[in-house]
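The values are calculated or read from the model by the stated rules, or taken from the named source; none is laboratory data. Since the structure is predicted, the reported quantities are computational estimates derived from the model, not experimental observations. For neighbour counting, all protein chains shown are included, and Cβ atoms are generated from backbone atoms with ideal geometry for every residue, glycine included.
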Amino acid sequence: MKVLMGALLATLVAIPALAQKGVDARLQAATETLQAAMNANDKGIPQDLLNKASCVVVIPSVKAGGFIVGAEYGRGFFTCRRASGVGWSSPGCISVKGGKFGLLIGGKETDVIMLVMNKNGMEHLLSDKFQLGGEASAAGGPVGRDSSAMTDAEMHAEILTYSRSRGIFGGLDLAGAAVTQDEKSNDELYGESITNKQIIGGTEHTPEAAQAFIHTLDRISSRK
């Protein structure tokens, strides 16, 4: 009994701790996740959907212990198209927890990518907190070279969600997950107290640690 209780306690403590890597390390991991998404060829995120996306969210290495304590926690970054439609904004920071992380079972870690497809989804993303499948409609996104296999639900979703585990991409059910602004990470990244809305809507200089992340998106996605 003592051993079991000790294991449960360690899991509860470890889940948020594992997601507490420094912002620089998490940005590097997020950049690698984007690169992997585009290098997956016919098993990756459809290029045409990425080109249409208003914002992109990357949460590297989400940790889960779902079958033990029902807890999930992740911290990541997002960037939106600039008002001109050319290039991407400096990144804001978010955290996600709870909900049904469909493919996350037994402490396995995975990368999560979300494509925000329209203005309504973007407005939710810039709020302090929203729920996927609640305030913002969400669906697991299709994989492949293009989006021809999209279902009607996917076509009307504000946010398309993906996971990558052991190099394999797939649609991910994130219904019920709460997405919140990560103020602490914003402070660490920008050296001042700043909100996601200020970052995305302003002219903030992209911090050095985030430049590879933004340059990667500039390289792999364009408006047509």
Exercise for the section: Answer yes or no: is there a residue in segment 180-195 that is crowded, with 20+ Cβ neighbours inside 10 Å, farther than 14 Å from residue 88 by Cα and charged (D, E, K, R). Expected result: yes
Fill in the blank from the handout: Going through (1) among the small types (Gly, Ala, Ser); (2) modelled with pLDDT of 65 or more; (3) touching a Gly at 6+ places or on another chain (Cβ under 9 Å) one by one, residue 71 fails only at (2)
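Within segment 17-31, is there a residue that is at pLDDT below 90 and of a type in the set (Val, Ile, Thr)? Walk me through how you get there before you give the answer.
If we filter segment 17-31 for residues that are at pLDDT below 90, which is where we start, we get 17-22.
Keeping just the survivors that are of a type in the set (Val, Ile, Thr) gives none.
There is no residue in segment 17-31 that is at pLDDT below 90 and of a type in the set (Val, Ile, Thr).
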Practice task
Name the residue, out of 171, 167, that is modelled with pLDDT under 85, in contact with a Pro (Cβ under 7 Å, 6 or more places away or on another chain) and either among the small types (Gly, Ala, Ser) or farther than 24 Å from residue 35 by Cβ (or both).
Solution key: 171
Problem - Condition check for residue 62: at pLDDT below 85, among the aliphatic types (A, V, I, L, M), in a strand (DSSP E or B) and buried (at least 23 other Cβ atoms within 10 Å of the Cβ) - result: yes
Problem - Positions within segment 174-193 being at pLDDT below 95 and hydrophobic (A, V, I, L, M, F, W, C), in sequence order - result: 174, 175, 177, 178, 179
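Please list, ordered by residue number, the helices (runs of 4 or more DSSP H) wholly in segment 135-224 having 1 or more residues that are in contact (Cβ under 8 Å) with a residue 24 or more places away in the chain and touching a Cys at 6+ places or on another chain (Cβ under 6 Å). Working first, answer last.
Numbers: elements: 152-156, 183-190, 196-201, 211-220.
In segment 135-224, 183-190, 196-201 are the helices (runs of 4 or more DSSP H) which contain 1 or more residues that are in contact (Cβ under 8 Å) with a residue 24 or more places away in the chain and touching a Cys at 6+ places or on another chain (Cβ under 6 Å).
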Problem - Selection status of residue 101, modelled with pLDDT under 90 and aromatic (Phe, Trp, Tyr) - result: yes
